[in-house]
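What follows is a short report on a single structure.
None of the figures in this text is laboratory data; all of them are computed from the coordinates on show. All values derive from a computational prediction rather than experimental measurement. In this analysis, Cβ positions are derived from the backbone assuming ideal geometry, glycine residues included, and neighbour counts consider all displayed protein chains.
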Amino acid sequence: MGIKAGEVVSIRHYSGFYPFKSVILDYQGDNIIIKLTRDFSQMNFLEGDPVVMTLLVEEEVISIGCLISQIHSDKGIVHLKIDSIERQPERREHPRYPVSLYADVRKHETRRKYLAIIKDINFYGICLYSKAEFDLNDHLELSMYVDLNMVFLDTVLVRKENRDKHFEYGARIIYKDESTMNLMEEYLKKLKNSYESDIKKFKNMIE
């Protein structure tokens, strides 16, 4: 796949608004060790968090959804485990992109909100983590920032897995108006382009 030590990569994490440059120290199987080039104190990394690592291999942009497995904050080193891989250009009509985004969720017609982290998304569905427990077929109202705008999505849970420290859910998006559909479609196009521009910018930076 072209992953190798010394490779410059782009990293996105929900605690930072902008992506940041990192360098791969080691890669074996599904495990990657990266060295952060940004002050670790600025980031709020936790083990189990989703991150997006993007790299450029022979002009092909590859976005990899990873989970943080170990953190060595004193050395600025993070261990990642590969969760999913998306290559660009993507041939599917509605490709799924790895992300790392904050979101608020609540059951339909209730007031209490719960924190969730979105780890991948496409036009029709979302995969998210939350410590809150819901049931299959629950209708959830999800709010997240898209291009600095708050977007509200109606979803229904179609998959549930009990992880060590949280639940992982698969949710199908239910569109109720054309404006939300258009906003999501435009956001996903920009997301794809931003991954490409981020890694090309970092690769061209003077070390």
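Could you tell me the calculated FRET efficiency between residue 72 and residue 17, based on Cβ-Cβ distance and R0 = 22 angstrom, to the nearest 0.05?
It comes to 0.35.
A prolate overall shape is assigned to the stretch 97-190, the ratio a/c of its alpha-carbon gyration tensor axes (a ≥ b ≥ c) being 1.5 or greater and a/b exceeding b/c.
Just to be sure I understand: with springs between alpha-carbon atoms less than 10 Å apart, which residue in 177, 26, 83 has the highest mean-square fluctuation in the Gaussian network model of the chain? Top of the fluctuation ranking is 177.
When each of 144, 181, 53 is scored by the number of other beta-carbon atoms lying within 10 Å, the sequence from fewest to most is 181, 144, 53. In order along the stretch 128-140, the Karplus-derived 3J(HN,Hα) couplings, from 6.51 cos²θ - 1.76 cosθ + 1.60 at θ = phi - 60°, round to 9, 10, 7, 7, 6, 9, 10, 10, 4, 6, 5, 9, 10 Hz, and Gly and Pro are given as x.
Largest first, the extents of the alpha carbon coordinates of the chain on the three principal axes equal 52, 34, 29 Å. Of all the options 61, 146, 105, the one that moves most in a Gaussian network model of the chain with Cα springs shorter than 10 angstrom is 146. On average over all directions, what projected area in square nanometres does the stretch 8-93 have, based on the convex hull of its Cα atoms? Computing the convex hull of the Cα atoms and averaging its projections yields 6.0 nm².
Counting Lys and Arg as +1 and Asp and Glu as -1, what is the net charge of the other residues whose Cβ lies under 14 Å from the Cβ of residue 69?
Net of charged neighbours comes to -3.
List 180, 155, 110, 54 from most exposed to least, where exposure is judged by having the fewest other Cβ atoms within 10 Å.
110, 180, 155, 54
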